[in-house]
Amino acid sequence: MAQTITQKILSRAANRRFVEAGESVWLNVDVLLTHDVCGPPTFDIFKQEFGPDAKVWDPEKVVVLPDHYIFTANEHAHRNIDLLRQFAAEQGLPNYYDVGTSRYRGVCHVALAEEGFNLPGTVLFGTDSHTCTSGAFGMFGTGIGNTDAAFILGTGKLWEKVPESMKFTFEDEMPEYLCAKDLILQILGDIGTDGATYRAMEFDGEAVYSLPVDERMTLCNMAIEAGGMNGIIAADAVTEAYVKAHSSKPYEVFRSDPDASYHSVRRYNVREMEPVVAQPHSPDNRATVRSVEGTKITKSYIGSCTGGKLTDFMLAAKILKGKQVAVHTNIVPATVKVARDLECETFEGVTLKKIFEDAGCSIALPSCAACLGGPADTVGRSVDYDVVVSTTNRNFPGRMGSKKAGVYLASPLTAAASAVTGKLTDPRDFL
């Protein structure tokens, strides 16, 4: 019987030839991810339910990447890191990437890819809603709660309902003024923040497969903002080249059958689209940049798992080279590797780091930083009455700090163009 890519991957994980959308199955987990916010409570539940001396089902398959509250003086944040260290030492976890050491990597969703944990055809669960980012590699990735994660720690399995799939096809050649962020914000404006609840969001089409891996990650990253269980893009030659450069582990490529059944199918022609933003205070509050241009901003923020990858900064550099920012602009690399790349990757012969410094931007250390607000000393945190244009993924009240601030979600191109003018600006004005 015909299956979607998500069904095929879950069939493999369930040791079945076929799984039906809507049925519940036991899945064998390939990787469990956690970080400094959810790791400690997950470990507490594990010890409570499996015993204080219990061992995790497979130390090699547990990945602990602290990233949220890292460069802060907050004592509670430091305590969480101490708890991660303690558990990793007790369990002999080889994939713990400790803060303050050469192993520290930065934002978990990007570091997973860099460290070779994202493999086509595999199943990844993480104690973070944006674990769906990994679906860009033709795999199943979804976020779970601490209790489910603790169960996986003890058993390596999880009971899950197979989701229906929604298909989003982007046709034609991507214009230079559009980014993956525009594509996903377009979808969110169309279906709302609950339009894909507990469904797989499958992305397809010429425009999608023309995107580099970084941009595909952005597309899948925000599936959760529509309530999606996972976002997914079938692996192609671009995916496989990336995977083979970062891992020597075996993997299996799955693709949806041509006659697979979908909850719904939507088609877009990217040549008919234009840059958009999500206005405060919801990711589905879509507007074209042209319709809101001129709105004054106080900050621009380019970073996070959604917008802090190398490609995001290459896009921003196209706008910022030779310009001066009019408002405080934070450049926040997602990972240590991306931060290093800023020092050597160039645009028109100038390193990205120099472009940003010359433009008057502030370059932060790699972490989630203000994406989740964070302690008071967090870099880029919003304050009362801020109006921020941001490449992050959520703009609910208080998400980036103050509940009295407003956040416009935008592409790196729009965030950079707006930084230069001090008001919401369509990037086409600079390209």
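The values are calculated or read from the model by the stated rules, or taken from the named source; none is laboratory data. Since the model is a prediction, treat every value here as computed from it, not as a measurement. Heads up, the Cβs are rebuilt from the backbone with ideal geometry, glycines too, and the neighbour counts pull from every protein chain shown. Quick note on the areas: whole protein, heavy atoms, side chains included, nothing else; ligands and nucleic acids left out. Shrake-Rupley method; radii C 1.70, N 1.55, O 1.52, S 1.80 Å.
See the values below:
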item: Residues satisfying the stated conditions in segment 356-382, i.e. open to solvent by 10 Å² or more (accessible area, probe 1.4 Å) and farther than 26 Å from V99 by Cβ; result: D358, G360
item: Qualifying positions in segment 283-307 - touching a Lys or Arg at 6+ places or on another chain (Cβ under 9 Å) and not hydrophobic (A, V, I, L, M, F, W, C); result: P283, R290, E293, G294, T295, K296, T306, G307
item: Residues within segment 247-270 that are in contact with a Leu (Cβ under 9 Å, 6 or more places away or on another chain) and among the basic types (K, R), tallied; result: 1
item: Criterion (within 15 Å of E164 (Cα to Cα) and either touching a strand residue (DSSP E or B) at 6+ places or on another chain (Cβ under 6 Å) or crowded, with 16+ Cβ neighbours inside 10 Å (or both)) met by exactly one of Y268, Y262; result: Y262
item: Count - residues of segment 299-337 that are part of a loop (DSSP other than H, G, I, E, B), open to solvent by less than 60 Å² (accessible area, probe 1.4 Å) and not basic (K, R); result: 5
item: Single unsatisfied condition, A241 versus (1) under 19 Å from the mean Cα position of the chain (by Cα); (2) outside any strand (DSSP E or B); (3) among the aliphatic types (A, V, I, L, M); result: (1)
item: Filter result (touching a residue at least 12 places away in the same chain (Cβ under 8 Å) and surrounded by fewer than 17 Cβ atoms within 10 Å (Cβ to Cβ)) within segment 338-348; result: E345, E348
item: Any chance P250 is surrounded by fewer than 18 Cβ atoms within 10 Å (Cβ to Cβ) and within 30 Å of K423 (Cβ to Cβ); result: no
item: Residue in segment 404-426 that is open to solvent by 10 Å² or more (accessible area, probe 1.4 Å), under 17 Å from the mean Cα position of the chain (by Cα) and of a type outside the set (S, T, Y) present; result: no
item: In segment 277-318, the residues that are more than 18 Å from the chain's Cα centre (by Cα) and on the phi > 0 side of the Ramachandran plot; result: G294
item: Candidates L10, L33, filtered to the one that is farther than 30 Å from A369 by Cα and within 22 Å of the chain's Cα centre (by Cα); result: L10
item: Any pair with Cβ under 6 angstrom, 6 or more apart, that starts in segment 9-22 at a residue that is among the hydrophobic types (A, V, I, L, M, F, W, C) and ends at one that is open to solvent by 90 Å² or more (accessible area, probe 1.4 Å); result: F18/M1
item: Filter pass, A287 being open to solvent by less than 40 Å² (accessible area, probe 1.4 Å) and assigned to a strand (DSSP E or B); result: yes
item: Residue within segment 151-160 that is farther than 20 Å from V208 by Cβ, aromatic (F, W, Y) and in contact with a Phe, Trp or Tyr (Cβ under 8 Å, 6 or more places away or on another chain) present; result: yes
item: Restricting segment 220-247 to residues that are more than 16 Å from P120 (Cβ to Cβ) and touching a helix residue (DSSP H, G or I) at 6+ places or on another chain (Cβ under 8 Å), the residue that is most open to solvent (accessible area, probe 1.4 Å); result: I224
